[in-house]
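These notes concern the structure reproduced below.
Bear in mind these aren't lab numbers, they're just calculated from the coordinates by the rules spelled out. All values derive from a computational prediction rather than experimental measurement. Note that we place each Cβ from the backbone using ideal geometry, even for glycine, and neighbour counts take in every protein chain shown.
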């Protein structure tokens, strides 16, 4: 017989919210604010990551289409990176 006090799986009874922990779940406004802040931080990281990953392999095609040198394409890439980073 498992020793959980309430009968059942002791690990699940230890992980389930009870008492004060249950009140601090998703109904708490401060928890929701923290959740949105974490979501916004992850979204900014994702946008920053995707801007680097998508733009870099396209640089040779951009150079050819815009008839610019490799140095000018690097400056364009740096300008776009600084504009995104300033957001």
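For the stretch 22-78, the equivalent ellipsoid built from the Cα gyration tensor has semi-axes of 43, 8, 6 Å, listed from largest to smallest. Note on residue 47 and residue 71: with the Förster distance fixed at 25 Å, the Cβ-Cβ geometry gives a FRET efficiency of about 0.40.
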